[in-house]
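Q: One structure, as structure tokens, below. Some questions next.
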Amino acid sequence: MERQLRQQDNLTVTYIDAVEGKKLTDAELRDLADMRLFRQRYNSFATLPALGCSLSHLRTYDLIAEQDLIDYALIIEDDAILCNNLNSELQPVIKFIKERSAEPTAILLTPDFYYNKSNLIREDASFKQIFRLSGGYMTSGYLINRAGCRLLANKLKPVSYLADAWSDFCRMGLHLYGVIPHLISYSNELGEIGRSQHQQVRSYYQYIRYRLANIKGAFSRLIAYSKGIRRARKQW
């Protein structure tokens, strides 16, 4: 990340110490998270590394919410892959989020979100498209304004959501957008969170539920496609 950020112009960088979920004590877990609700929501995906990721992003929201001089921030995780000339590529997106300073707003800069073709909000001369979203995945890189940080800092304590529960955050009042083509990518390899989730031993009941959810999701995507819903896919 240091090497990548040195290659970017005019970015003021602050490093935030992440929370390592596996190192949390029982007392810290009781104080910071609702583990019963977390596991109820996500079953085998409710791992301690995943919880640590949620707590890390929440720590960042708290810091931004307390700073009256910060109107918005670019949040990137430590395994993000940045596009060339990120700062210049961000300028039309920054202009967009500045126009929405009064409403809690986040803009996903990574792929892996579904959008409706009719929800195109902005298209600039550099062929970037900004769509209104009702959900998405990943937290490798996104813009968020102070109003968005204040909303999530108030709504997410104690922690019981994954860091990328964007559809739930939208129901809390967050205005969510996505950029096409994406400006930030990520590795195809599983990180610590992905490994911790995929290494979980599922009961037979959980496995059946997981497979049925996949089948249901496939049918839902077919129906959604017929209604103009598309997926922003990773291109690099």
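Q: Rounded to the nearest 0.05, what FRET efficiency do I81 and R209 give with R0 = 25 Å and r taken as the Cβ-Cβ distance? Could you check?
A: Values: r = 33 Å, r/R0 = 1.34.
The value I calculate is 0.15.
Q: Would you please put 214-225, 14-25 in order of how densely packed they are, using the mean number of other Cβ atoms within 10 angstrom per residue and starting with the highest? Mind showing how you got there, number by number?
A: Working: 214-225: 10.5, 14-25: 12.9.
In decreasing order of mean packing, 214-225, 14-25 become 14-25, 214-225.
Q: Let me check the size of region 155-201 from its C-alpha atoms; what are the radius of gyration and Dmax in Å?
A: Reported Rg and Dmax, both Å: 14.2, 37.
Q: Limiting things to C-alpha atoms, what are the Rg and the maximum Cα-Cα separation (Dmax) for region 62-137, in angstroms?
A: My reading of the Cα-based Rg and Dmax gives 13.4, 36 Å.
Q: Accessible area per residue, 1.4 Å probe, Å², for region 40-131: what's the number? Please report the intermediate quantities before stating the final value.
A: Details: 4430 Å² over 92 residues.
On a per-residue basis, region 40-131 sits at 48 Å².
Q: While we're here: Between M172 and D68, what FRET efficiency comes out of the Förster formula 1/(1 + (r/R0)^6) with R0 = 22 Å and r the beta carbon distance, rounded to 0.05? Please list the in-between numbers first.
A: On the way: r = 23 Å, r/R0 = 1.03.
According to the calculation, E is roughly 0.45.
Q: Let me ask another. Under 8 Å for C-alpha pairs, at least 6 residues apart: give me the relative contact order for region 131-194, rounded to a whole percent. Don't jump to the answer; show the numbers that get you there.
A: Details: 44 pairs, mean separation 33.7, N = 64.
The value is 53 percent.
Q: May I ask which of K128/K234; K98/K128; K22/K157; K98/K227 have a Cα-Cα span longer than 22 Å here? Provide the component values of the computation, followed by the final result.
A: Numbers: K128/K234 15 Å; K98/K128 17 Å; K22/K157 19 Å; K98/K227 31 Å.
With Cα atoms farther than 22 Å apart: K98/K227.
Q: How high is the relative contact order of the chain? Use alpha-carbon pairs under 8 Å, at least six apart in sequence, and give a whole percent.
A: Details: 364 pairs, mean separation 65.3, N = 236.
Value for the chain: 28 percent.
Q: Let me ask another. Along each of the three principal axes of the Cα atoms of region 27-66, give the extent in whole Å, ordering the values from largest to smallest.
A: 33, 20, 14
Q: Just to be sure I understand: with springs between alpha-carbon atoms less than 10 Å apart, which residue in F169, F131, F38 has the highest mean-square fluctuation in the Gaussian network model of the chain?
A: Residue with maximal mean-square fluctuation among F169, F131, F38: F38.
Q: Over region 1-67, what number does the Rg to Rh ratio reach, with both radii from the alpha-carbon atoms and Rh per Kirkwood? Could you put the intermediate results ahead of the total?
A: Numbers: Rg = 15.2 Å, Rh = 13.9 Å.
When Rh is taken as the Kirkwood radius, the ratio is 1.10.
Q: Provide, for q = 0.11, 0.14, 0.15 Å⁻¹, the log10 of I(q)/I(0) from a solvent-free Debye sum over equal Cα point scatterers in region 1-156.
A: Here the Debye-derived log intensity ratios amount to -0.50, -0.81, -0.93.
Q: Please work out the C-alpha center-to-center distance from region 1-73 to region 79-98 and express it in whole Å.
A: Between the Cα centres of region 1-73 and region 79-98 lies a distance of 21 Å.
Q: Determine the relative contact order of region 4-64: mean sequence separation of Cα pairs under 8 Å and six or more apart, normalised by residue count, in whole percent. Can you show the working numbers first?
A: Working: 27 pairs, mean separation 26.9, N = 61.
That works out to 44 percent.
Q: Would you mind telling me the share, in percent, of accessible area of the chain contributed by carbon and sulfur at probe 1.4 angstrom?
A: On the way: 6800 of 13790 Å².
Percent of accessible area from carbon and sulfur atoms in the chain: 49.
Q: Mind running the shape call on region 173-236? Use the C-alpha gyration tensor, a ≥ b ≥ c as the square roots of the eigenvalues: rounded below 1.5 for a/c, prolate if a/b tops b/c, oblate otherwise.
A: Details: a/c = 2.21, a/b = 1.24, b/c = 1.79.
Oblate, since a/c reaches 1.5 and b/c is not below a/b.
Q: Another one. Once you have the Cα-Cα distance between A125 and S101, take 0.36 nm times their residue separation minus that, and quote the gain in nm to one decimal. Write out the running numbers ahead of the final one.
A: Working: separation 24, 0.36 × 24 = 8.64 nm, distance 2.30 nm.
The span from A125 to S101 would gain 6.3 nm if fully extended.
Q: Right, next: Tell me the accessible surface of E89 in square angstrom (1.4 angstrom probe, heavy atoms of protein chains only), to the nearest ten.
A: 60
Q: Based on the Cα gyration tensor of region 108-234, what are the three equivalent ellipsoid semi-axes, each the root of five times an eigenvalue, rounded to whole Å and given largest first? Spell out each step's value before the answer.
A: Details: eigenvalues 135, 84, 49 Å².
Semi-axis lengths for region 108-234 are 26, 20, 16 Å.
Q: Additional query: I want to verify the translational diffusion coefficient of region 101-164 in µm²/s; compute it with Stokes-Einstein, Rh as the Kirkwood radius over Cα pairs, at 4 °C and 1.567 mPa s. Kindly include the intermediate steps, with their values, before the conclusion.
A: Values: Rh = 13.3 Å.
Answer from the Stokes-Einstein relation: 98 µm²/s.
Q: Okay, moving on. Can you tell me which of 57-64, 45-52 comes out highest on packing, and rank the rest after it, using the mean Cβ neighbours within 10 Å?
A: Numbers: 57-64: 19.4, 45-52: 21.0.
So the peptides 57-64, 45-52, ranked by packing, come out 45-52, 57-64.
The values are calculated or read from the model by the stated rules, or taken from the named source; none is laboratory data. Given the structure is predicted, the values throughout are model-derived calculations rather than measurements. Cβ atoms come from the backbone with ideal geometry, glycine included; neighbour counts cover every protein chain shown. For the accessible areas, the whole protein counts, side chains as well, though only heavy atoms, and no ligand, DNA or RNA atoms are used. Shrake-Rupley method; radii C 1.70, N 1.55, O 1.52, S 1.80 Å.
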